[in-house]
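Please read the structure below before turning to the comments.
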Amino acid sequence: MTIANKQELEAVVRDVVAKQKITDMHTHLYSPNFGDILLWGVDELLTYHYLVAEVMRFSDIPIDDFWALSKSEQADLIWKELFIKHSPVSEACRGVLTTLQGLGLDLSTRDLAQYREAIDSGDSFAQVKRVMELSSVDHIVMTNDPFDDRERKIWLDGTRPDERFHAALRIDPLLNDYANSKQLLREWGYAVGEQWSDGSAQEVKRFLKDWIERMKPLYMAVSLPPSFAYPEESDRGRIIRDCILPLSKETGIPFALMIGVKKRVNPGLGDAGDYLGKADMDALEYLLAQHPENKFIVTMLSRENQHELAVLGRKFRNLMIFGCWWFMNNPIIINEMTRMRLELLGLSVVPQHSDARVLDQLVYKWKHSKEIISDILIDKYNDIMRTGWQVTAEEIRRDTADLLRNNFWRFVGREDMVEYEE
Ligand code: FIX
Ligand code: ZN
């Protein structure tokens, strides 16, 4: 059906985007059979580390005293400070409201006890089904860290995610803290030496292959500091050179780099204590140019890196750019970087992921982003329609499916997961 005018365009785009099923390619969620490492419910929503950072700006509670509170007491404090004593206008606060609204609660009552009663009384399996339906997310990629004691035990016990959940092998401790991780590898039966050698490289690859076999990950991922350099004579540089790149090429499993995080600049805040920095693009440019047969999935944490990253995407087809990561995930920046990406790269990117740490967040993370993506697509289609180019509803459905699921599945080599709504 050819779109006749802007009014019809707006209606079709908003309807298509709202209905499009999403593959959420980076989250910190888990299949419900993984147990209580899957976070959900009102207290988890309110104690999300984004809100911990924000409450510290209003409350003068000593950070250690905050951590000594129960999860529910922390949530009460955050609710009082960020929602009652001050209007909840930040993106993370608004996200809580959008989530509670999406779950059918009456925000005019501000009755936290009632919200807890309504949401927390269910079970995680039912909540996963409900939230995925509400958010139109039908596939969730997890973050799976074999160095995390709780998660490692779950996998070694033979637990596997259900078909809606997919693994991503997360290797930050291996790449960013090998000095400590090599002792763990030895304890697990991988004979890595004190000094780097071919033998150590083989054993690190064997460790990775074992977890690839166990997890069947869609990609291997690491977060990296703004100072990330490559090539580099360092533990990280050697492991990337001798292990990750050859294994990624051999298996076809992409290497995901999340670049620009300065960990724990305020250690007392825990996950809320991470900061960002502008990274030098030389390392990524080198990796892309020297390893054209490797596939790289990249997101960056500094606003200032977004234009460079998008232009690099024009130079290298083995780079898939994804998401508005963390401090980028605010409407003003999502709008700017998504428009820039479509203007420079057309529809060849994965515009968003949720990074959800709490299951229920899928409701707000995707509602907020879909609204912005719809606005942008309406403008972009209208711009080409003004030249006389005709756009059809079928093409809008095709393009939206590519942005919200198929570009990712194709890039990770899973044509079987490419789907278009009829
Ligand atoms: O490295 C990451 O996966 C980051 O997304 C997290 O460490 C971060 O805490 C987060 O959840 C940001 O949204
Ligand atoms: Zn993340």
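Nothing in this text is a laboratory measurement; each read-out follows from the coordinates by a stated rule. Since the structure is predicted, the reported quantities are computational estimates derived from the model, not experimental observations. Virtual Cβ from ideal backbone geometry, glycine too; neighbours counted across all protein chains shown.
See the values below:
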{"quantity": "Residue list for region 326-358, given a label point 7 angstrom along the Cα-to-Cβ vector of Ile384 and an amide N cut-off under 18 Å", "calculated": "338-351"}
{"quantity": "Pairwise FRET efficiency - Ile84 versus Trp188, Cβ, R0 = 51 Å, nearest 0.05", "calculated": "0.55"}
{"quantity": "Square roots of five times the Cα gyration tensor eigenvalues for the chain, Å", "calculated": "33, 30, 21"}
{"quantity": "Extended-chain gain in nm, criterion 0.36 nm per residue less alpha-carbon gap, Glu163 and Lys278", "calculated": "37.7 nm"}
{"quantity": "FRET efficiency, 1/(1 + (r/R0)^6) with R0 56 Å, evaluated for Asp120 and Glu293 via beta carbons", "calculated": "0.70"}
{"quantity": "Between region 195-239 and region 124-144, the Cα center-to-center distance that results, in Å", "calculated": "30"}
{"quantity": "For region 150-283, share of DSSP beta bridges that run antiparallel, in % to the nearest 5", "calculated": "20"}
{"quantity": "Antiparallel bridges, percent of DSSP beta bridges restricted to the chain (to nearest 5)", "calculated": "10"}
{"quantity": "Modelled FRET efficiency - R0 30 Å, Glu395 with Glu213, Cβ distances, 0.05 increments", "calculated": "0.15"}
{"quantity": "Inter-label distance, nm, simple model (7 Å from Cα along the C-beta direction), Arg264/Asn318", "calculated": "3.4"}
{"quantity": "Between region 1-76 and region 240-294, the Cα center-to-center distance that results, in Å", "calculated": "24"}
{"quantity": "For region 1-101, with +1 on Lys and Arg beta carbons and -1 on Asp and Glu, the positive-most of Thr27, Leu100, Val13 along the dipole", "calculated": "Val13"}
{"quantity": "Pairs from Lys80/Lys370; Lys295/Lys315; Lys262/Lys370 whose Cα-Cα separation, in the structure shown, is over 22 Å", "calculated": "Lys80/Lys370; Lys262/Lys370"}
